[in-house]
Amino acid sequence: MMDSVYADVVRRNPGEPEFHQAVHEVVETLAPVFEHRQDLLDAKMLERVCEPERQIIFRVPWQDDNGTVHVNRGFRVEFNSALGPYKGGLRFHPTVNLGIVKFLGFEQIFKNALTGVNIGGGKGGSDFDPKGRSDAEVMRFCQSFMTELYRHLGEHTDVPAGDIGVGGREVGYLFGQYRRITNRWEAGTITGKGLAWGGSNVRTEATGYGTVTFTAEMLKTAGEDLDGQQVVVSGSGNVALFAIEKAHQLGANVLTCSDSTGYVVDDKGIDLDLLSQIKLQERGRVATYAERRGGSARFVEGGSVWDVPCDIALPCATENELNEDAAKTLVGNGVKAVAEGANMPCTPEAVQVLRQAGVRFGPGKAANAGGVAASGLEMRQNAVRDSWSFTTAEGQLEEIMRSIHTICYETSARYGAPGDYVLGANIAGFERVADAMLAQGLI
Ligand code: NDP
Ligand code: 2IT
């Protein structure tokens, strides 16, 4: 049954390898569920969950600062709303296509289910490349994008947020255009807003913080903690920066960061003030960090950040950035834990190598759920026009991350594979969504 469902997904979604990969990873862990859930089998729940409820593709025309017209493509895949309004980020990156958005939307269903907040799964974005564009160009693009997307959104319908290439600046322009078109100050329609206009404390930090909290929870099951551990982080965007911050707070030493041009290794540990200045203030590159840091840091062009020996590896950049060879290198260097801050950063072969070597492995669905969980908390505050302190929001986030860890661990133990967080996350997430769908009839 599982094989035929997967074969059908491949046949009906041609040319979408990332979507196939994401489905395969989930499908191959669900067999034990169907052994005792004939009701889910009869209801064709696996087939239903692999088919998005709605897919929207639209034209996004905009003008650059020289007056030249550009045409991009916009996407929103509204995958599953059994547990709540569609929820998931928007990605602006030249590699975005329908298959990428579907893979991300599919992951999001189960991730969101694990948070315990009432949110469904969706994802969107565009093949627009914000790199090198002025603020005015980004604004015009966002306005054009929202001029179509707004009709599909709403606090009870579909609630986007950021992802690669979409941060506070873009969310501001998107929210502004939504408000202008609808004449509604509907804060709950998008998350990741500024703190003065409906945003939540800790949403910016949440994905990176949550990934490190999840890592700490995994280590705890072996009687260890992060204190004194050497950590390798990839990426230098939203997730990476705040993973570095939290790892430092918990006493670890982060040696690296990276971008699409190469990586930096800093023998003294990453100086987060300097990195933040370059990335957040100047929108610069990691090579500049090495130039300004002095003797302790060097920039390696191209190259694999996973060559740097470490105890803990946190891939926080993009999909399939950590392959089989990288996993073997990490294992050879004695890595103890790997947690996915990014979505699907480890290839299936890499995951296999890590699991066989007994490395604790936190899949993205669980490990990076802190971002969307904090988005859920932002929606909660918006619904009652409240705003929590940093401490309150951070406390709630930590509680959710610990509970996700517990659910995944307990589910893995219940199914006879304690510590297999891939199995635990997939089964626990699937069961929640499938039971809600079953209760709601043939929808
Ligand atoms: P950002 O845009 O802030 O940063 C992305 C980082 O990844 C940059 O350093 C970028 O380098 C690097 N990167 C992106 N694409 C590639 C590529 N094709 N090859 C090499 N490096 C690349 O994005 P985020 O930090 O928000 O997102 C990072 C990952 O985390 C993504 O997988 C995202 O889906 C996931 N995620 C994000 C959440 C969030 O709340 N933001 C929540 C959960 C998961 P460069 O600048 O050179 O492109
Ligand atoms: O992949 C993700 O979980 C995100 N990009 C965050 C989604 C959200 O709605 O906050």
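The values are calculated or read from the model by the stated rules, or taken from the named source; none is laboratory data. Treat the numbers as computed from the prediction; the structure is a model and nothing was measured. For neighbour counting, all protein chains shown are included, and Cβ atoms are generated from backbone atoms with ideal geometry for every residue, glycine included. For accessibility, only protein heavy atoms count, side chains too; no ligands or nucleic acids. Shrake-Rupley method; radii C 1.70, N 1.55, O 1.52, S 1.80 Å.
Of the residues making up the range 51-93, those that are aromatic (Phe, Trp, Tyr), touching a Leu at 6+ places or on another chain (Cβ under 8 Å) and within 26 Å of residue 26 (Cα to Cα) number 1. Residue 263 satisfies every condition listed in (1) in a helix (DSSP H, G or I); (2) buried (at least 20 other Cβ atoms within 10 Å of the Cβ); (3) within 14 Å of ligand 1 (Cβ to nearest atom) except (1). Considering the range 103-117 alone, what residues qualify as being closer than 12 Å to residue 343 by Cα and touching a strand residue (DSSP E or B) at 6+ places or on another chain (Cβ under 7 Å)? Scanning the range 103-117 gives 104, 105, 106, 108. Taking the residues in the range 6-59 that are over 20 Å from the mean Cα position of the chain (by Cα) and small (Gly, Ala, Ser) as candidates, determine which candidate is surrounded by the most Cβ atoms within 10 Å (Cβ to Cβ). Step by step, filter the range 6-59, then rank; the result is 43. Would you say residue 155 is open to solvent by less than 20 Å² (accessible area, probe 1.4 Å) and touching a residue at least 40 places away in the same chain (Cβ under 8 Å)? Spelling it out, it is not the case that residue 155 is open to solvent by less than 20 Å² (accessible area, probe 1.4 Å) and touching a residue at least 40 places away in the same chain (Cβ under 8 Å).
Scanning the range 407-428 for residues that are of a type in the set (Phe, Trp, Tyr) and within 10 Å of residue 29 (Cβ to Cβ) yields a single hit, 415. Does residue 184 satisfy being open to solvent by 10 Å² or more (accessible area, probe 1.4 Å), within 13 Å of ligand 1 (Cβ to nearest atom) and basic (Lys, Arg)? No; evaluated as a whole, the condition is false for this residue.
Among all positions in the range 204-218, there is no residue which is surrounded by fewer than 19 Cβ atoms within 10 Å (Cβ to Cβ) and either more than 15 Å from ligand 1 (Cβ to nearest atom) or polar (S, T, N, Q) (or both). The residue of the range 307-321 that is nearest to ligand 1 (Cβ to nearest atom), among those that are touching a Ser or Thr at 6+ places or on another chain (Cβ under 7 Å) and of a type outside the set (D, E, K, R), is 317. Only residues that are within 16 Å of ligand 2 (Cβ to nearest atom) and in contact with a Lys or Arg (Cβ under 8 Å, 6 or more places away or on another chain) were counted across the range 307-321, and they come to 0. Within the range 276-289, restricting attention to residues that are away from ligand 1 (no atom under 11 Å from the Cβ) and either of a type in the set (A, V, I, L, M) or not in a loop (DSSP other than H, G, I, E, B) (or both), the residue that is nearest to residue 244 (Cα to Cα) is 276.
Give the residues of the range 116-128 that are over 15 Å from residue 163 (Cα atoms) and either open to solvent by less than 10 Å² (accessible area, probe 1.4 Å) or touching a His at 6+ places or on another chain (Cβ under 8 Å) (or both), sorted by residue number. Answer for the range 116-128, where residues must be over 15 Å from residue 163 (Cα atoms) and either open to solvent by less than 10 Å² (accessible area, probe 1.4 Å) or touching a His at 6+ places or on another chain (Cβ under 8 Å) (or both): 119, 120.
Within the range 369-383, the set of residues being open to solvent by less than 10 Å² (accessible area, probe 1.4 Å) and within 13 Å of ligand 2 (Cβ to nearest atom) comprises 369, 370, 371, 373, 374, 375, 376, 377, 378. Taking each residue of the range 255-279 that is at positive phi and looking for partners that are among the polar types (S, T, N, Q) with beta-carbon atoms closer than 6 Å, six or more apart or interchain, yields 269/253.
Of the residues making up the range 343-367, those that are within 16 Å of ligand 1 (Cβ to nearest atom) and open to solvent by less than 10 Å² (accessible area, probe 1.4 Å) number 9.
The listed residues are 258, 304, 296, and the only one of them that is out of contact with any Leu (no Cβ under 6 Å at 6 or more places or on another chain), hydroxyl-bearing (Ser, Thr, Tyr), more than 25 Å from residue 91 (Cα to Cα) and at pLDDT 95 or above turns out to be 296.
With respect to the stated conditions, residue 150 fails to be away from ligand 1 (no atom under 13 Å from the Cβ), among the hydroxyl-bearing types (Ser, Thr, Tyr), crowded, with 24+ Cβ neighbours inside 10 Å and farther than 16 Å from residue 62 by Cα. Scanning the range 72-104 for residues that are surrounded by 24 or more Cβ atoms within 10 Å (Cβ to Cβ) and out of contact with any helix residue (DSSP H, G or I) (no Cβ under 9 Å at 6 or more places or on another chain) returns a single hit, 96.
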